[in-house]
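Engineer: Okay, handing you the structure first.
The values are calculated or read from the model by the stated rules, or taken from the named source; none is laboratory data. None of the values given here were measured: they were computed from a predicted structure. Every residue, glycine as well, gets a Cβ built from its backbone with ideal geometry; the counts of neighbours run over all protein chains shown. Please note that ligands, DNA and RNA were not included when accessible areas were found on the heavy atoms of the full protein model with its side chains. Shrake-Rupley method; radii C 1.70, N 1.55, O 1.52, S 1.80 Å.
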Amino acid sequence: MTAEAAAAGDTSGAGAAASAHGDAAADRQVGAATGAVPIPAAPMTGMVAIVTGASSGIGRATAVLLAEQGAQVLAVARRSKPLEDAAALHERIHAHIGDLADPDEPERIAKTALREWDRIDVLVNNAGPYGPAALAGISPADIDRLVRLNIVAPSLLASHCLEALAKHTGAIVNVTSAYAQRAVAGSAHYAATKAALESLTRSWALELAPRGIRVNAISPGPTETGLLAGAGVPADRIEAIKERERQRIPLQRRGDPAEVARWIVALADASAGWITGEVLRVDGGLHLT
């Protein structure tokens, strides 16, 4: 479902969110009056979440789980067909096609969410390309792309969402990488930009706490996503890389996107209301090696 279509649907938008809250309250009243056990509302009913990089992998799994928990999800990605496929997985996932390398796109994303639902409760900064680039021969364009997408875009999007997040004691969850805290030959600038995002997470948490906004990060280890293929790594090399990673991970396997998504959603949920400034490793024990 597109964000534009959501505005016309009976089950989307701010009116539907209010209706959902009213229905849940009515269920509780009926249960109290009759002695029946009411069916609890999904914990994020009425909430609105923005998820970037939502067309595949961790972002897609996060969008689905947030929608299953009751949230309206504005799913953002650059490629239209994979994003539309992701949106088809749940009626509360709404596609927004946009390129975060464009510095004007973060403002458009925030305005779209506010136009459709008049609130933002959760921001998941998941988009961020892997960029294998050895120091010898690295170009300004290589570095600029990583900085734009892994540092600038999350910063601008968070900034444009701040006022809305503050109204609802919202949460920001940044997705970094296990390699933010590890030396990695041939991908130093990728690792450096992810380390920068972890530093931003801690500083934003301190800065935004007085406004009631929590900021945390998830640091996933090697996960079964299309990250390597999307970076143009040849298929034969991908398999060799995956095998090396499996051998290094204490649990001896790569992660599944859903295993990472459930911790993103957990940190976004109000039940984590006293957690901020944390970087949670979900890496099969890779950080121990």
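Engineer: Return the long-range amide H neighbours of Thr223 (sequence gap of 5 or more, or a different chain), with a cut-off of under 5 Å between placed amide H atoms.
Structural biologist: HN-HN under 5 Å from Thr223: Gly255.
Engineer: Grab the Cα-Cα distance for Glu163 and Arg246, subtract it from 0.36 nm times how many residues apart they are, and report the gain in nm with one decimal.
Structural biologist: Answer, rounded to one decimal: 25.6 nm.
Engineer: Right, next: When Rg is the radius of gyration of the Cα atoms in the stretch 145-265 and Rh is its Kirkwood radius, what does Rg/Rh come to?
Structural biologist: 1.02
Engineer: Distance in nm between label sites at Arg237 and Arg79, each 7 Å beyond Cα in the beta-carbon direction?
Structural biologist: Between Arg237 and Arg79, the simple spin-label model gives 1.8 nm.
Engineer: Report, to the nearest whole %, how much of the accessible area of the stretch 188-289 belongs to carbon and sulfur atoms, 1.4 Å probe, protein only.
Structural biologist: 56
Engineer: Please find the FRET efficiency linking Glu207 to Ala88, where r is the Cβ-Cβ separation and R0 is fixed at 30 Å, and quote it to the nearest 0.05.
Structural biologist: 0.20
Engineer: Explain nothing, just compute: Karplus ³J(HN,Hα) = 6.51 cos²θ - 1.76 cosθ + 1.60, θ = phi - 60°, for every residue of the stretch 250-266 in order, whole Hz, x for Gly and Pro.
Structural biologist: These are the phi-based 3J(HN,Hα) values: x, 7, 6, 7, 7, x, 9, x, 5, 5, 7, 4, 5, 7, 4, 5, 4 Hz.
Engineer: How large is ³J(HN,Hα), in whole Hz, for each residue of the stretch 169-181 in order, when computed from phi with the Karplus curve 6.51 cos²θ - 1.76 cosθ + 1.60 and θ = phi - 60°, using x for Gly and Pro?
Structural biologist: For the stretch 169-181, the Karplus-derived couplings read 6, x, 9, 10, 10, 9, 9, 9, 6, 4, 7, 5, 10 Hz, x marking Gly and Pro.
Engineer: OK, next. Just for the Cα atoms in the stretch 31-164, what are the lengths along the principal axes, largest first, rounded to whole Å?
Structural biologist: 73, 28, 23
Engineer: Accessible surface of Val265 in the full protein assembly, 1.4 angstrom probe, to the nearest 10 Å²?
Structural biologist: Rounded to the nearest 10, that gives 10 Å².
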